[in-house]
1. Counting other C-beta atoms within 10 Å, which of 228, 277 has the fewest, and how do the rest follow?
2. For segment 83-229, what relative contact order do you get, as a whole percent, if you take Cα pairs closer than 8 Å and at least 6 residues apart?
3. Calculate the FRET efficiency for residue 241 and residue 281 from the Cβ-Cβ distance with a Förster distance of 30 Å, rounded to the nearest 0.05.
4. I need the calculated FRET efficiency for the pair residue 192 and residue 63, taking r as the beta carbon distance and R₀ as 45 Å, to the nearest 0.05.
5. In which sequence would 224, 33, 234 go, from the one with the fewest C-beta neighbours within 10 Å to the one with the most?
6. Apply 1/(1 + (r/R0)^6) to the Cβ-Cβ distance of residue 267 and residue 101, taking R0 = 41 Å, and write down the FRET efficiency to the nearest 0.05.
7. Sort 198, 98 so that the residue with the fewest other Cβ atoms within 10 Å of its own Cβ comes first and the one with the most comes last.
8. So what are the radius of gyration and Dmax for the Cα set of segment 213-260, in Å?
């Protein structure tokens with residue numbers, strides 16, 4: 001398995017993947033998950049695997065390609081991402097996606113996985129996490145996420161830095177090593193709409209934008225997620241409601257229930273399949289037989 005783009009591996013291009021924590025939540029409604037954890041969402045066809053699916057075939061797939069189109073970005077490298085076997089009609093064959101009605105029925109049964117991702121670079125500056133779910137493919141929850149690409153990335157950015165607030169409209173390569181200069185576009189704090197006339201050749205802008213003010217719906221349920229790096233270790237606190245009110249995207253956690261959590265850590269600029277994962281960990285909400293027992297704090 002490879003963990004980085006080929007240019008990083010073969011040509012020595014600097015790796016720029018951020019440190020990241022993933023929290024996957026599910027239960028026995030997803031067969032194999034309590035026993036195998038997040039391993040059961042990974043398949044030979046996934047991006048980064050030796051036998052990853054052909055990009056042209058993925059781009060022509062009537063379901064998978066539409067998941068990319070739905071977020072409004074013209075993707076040119078269509079790739080298969082995490083999915084659960086129950087979403088396929090032929091074993092784990094990536095292209096054998098069940099019908100829309102069958103997938104909806106699985107969601108209503110709770111037969112999908114919840115996935116919250118905290119990112120040291122992209123979400124931590126705004127104190128939130130991105131909220132995903134995994135069924136036919138890993139995808140962002142319904143609603144408006146606090147983290148979005150900066151415009152239609154290949155057609156040009158939507159935002160740049162507000163020079164009146166931070167002193168510049170865009171970063172330069174030398175700025176990346178300057179800890180005093182902001183590296184994140186946070187709408188309402190340091191951004192203005194993109195103006196190509198203020199950009200010079202070689203200028204850099206973040207590929208993503210943080211906008212907590214516009215975040216809404218299921219995609220905004222992980223409304224607090226803050227990490228602190230001290231002595232080479234992160235301490236990360238993530239918050240969401242036990243019942244978010246969005247049962248088709250989020251796993252509803254009930255007092256007395258036992259759920260399986262899986263954790264992944266992307267460290268040392270590692271991306272794609274190159275990350276550390278935990279064994280499945282059971283968590284009881286209140287009293288229950290589990291590895292970890294959650295208690296109510298008064």
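Coordinate-derived values only; no laboratory data. This structure is a prediction, so every number in the text was calculated from the model and none was measured. Ideal geometry is used to build each Cβ from the backbone, glycine not excepted, and the neighbour counts take in all protein chains shown.
1. With the sparsest Cβ surroundings first, the list reads 228, 277.
2. 28
3. Efficiency, rounded to the nearest 0.05: 0.90.
4. After rounding to 0.05, the efficiency reads 0.75.
5. Fewest to most other Cβ atoms nearby, the residues stand as 224, 234, 33.
6. 0.50
7. 198, 98
8. Cα-based Rg and Dmax for segment 213-260 come out at 13.9, 40 Å.
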